[in-house]
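*Asks:* Below are the structure tokens for one structure; questions will follow.
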Amino acid sequence: MSKSLGIFVTNPNNMKHVMGITKAAKAKGSKVKVFFSWKGTHLSKDPEFPALCSLADEVAICADSYKKMGYDVADVPKGLSEENMATQAQHGIIIEDYDCYMTL
């Protein structure tokens, strides 16, 4: 079984790192889930965000944080589906179910 990596993103300056780590992990056969919360939700407007959604096994955004950062929850970022506008339970899933966990 391949390893799995959960990435919890709260910093709006880390898209380069999120993309690089995701690419490296996928190249090694790992399952990758990325969850954006608080100010990290601003990265959903980064031009690379749709590519991240295609690359990672799963990408989700804390809908409450997204709203608190001034975005309309009905405005689902390109690359995501409405189901990926989620709650902090997605963060809990990463902590519980993934082999490796990191925060950016």
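*Asks:* Suppose we filter Glu48, Glu82 for residues that are open to solvent by 50 Å² or more (accessible area, probe 1.4 Å), more than 22 Å from Ser2 (Cβ to Cβ) and without any contact (Cβ under 8 Å) to a residue 24 or more places away in the chain; which single one remains?
*Replies:* Of the residues listed, the single one that is open to solvent by 50 Å² or more (accessible area, probe 1.4 Å), more than 22 Å from Ser2 (Cβ to Cβ) and without any contact (Cβ under 8 Å) to a residue 24 or more places away in the chain is Glu82.
*Asks:* So, in the stretch 80-104, exactly how many residues are among the acidic types (Asp, Glu) and either assigned to a strand (DSSP E or B) or within 17 Å of Ser30 (Cα to Cα) (or both)?
*Replies:* Matching residues across the stretch 80-104 total 3.
*Asks:* Which condition breaks for Lys68 when tested against (1) under 19 Å from Asn11 (Cβ atoms); (2) more than 14 Å from the chain's Cα centre (by Cα); (3) open to solvent by less than 60 Å² (accessible area, probe 1.4 Å)?
*Replies:* If we test Lys68 against (1) under 19 Å from Asn11 (Cβ atoms); (2) more than 14 Å from the chain's Cα centre (by Cα); (3) open to solvent by less than 60 Å² (accessible area, probe 1.4 Å), just (3) comes out false.
*Asks:* Which condition from (1) touching a residue at least 40 places away in the same chain (Cβ under 8 Å); (2) of a type in the set (A, V, I, L, M); (3) touching a Ser or Thr at 6+ places or on another chain (Cβ under 6 Å) is the one that Ile7 breaks?
*Replies:* (3)
*Asks:* Can you name every residue in the stretch 10-42 that is without any contact (Cβ under 8 Å) to a residue 12 or more places away in the chain and surrounded by 16 or more Cβ atoms within 10 Å (Cβ to Cβ)?
*Replies:* Result: no residue meets the conditions.
The values are calculated or read from the model by the stated rules, or taken from the named source; none is laboratory data. If you're wondering where the values come from, they're calculated on a predicted model, not measured in any experiment. FYI the Cβ positions are ideal-geometry reconstructions off the backbone, even for glycines, and counts take in every protein chain you see. Accessible surface areas use protein heavy atoms only, side chains included; no ligands, DNA or RNA. Shrake-Rupley method; radii C 1.70, N 1.55, O 1.52, S 1.80 Å.
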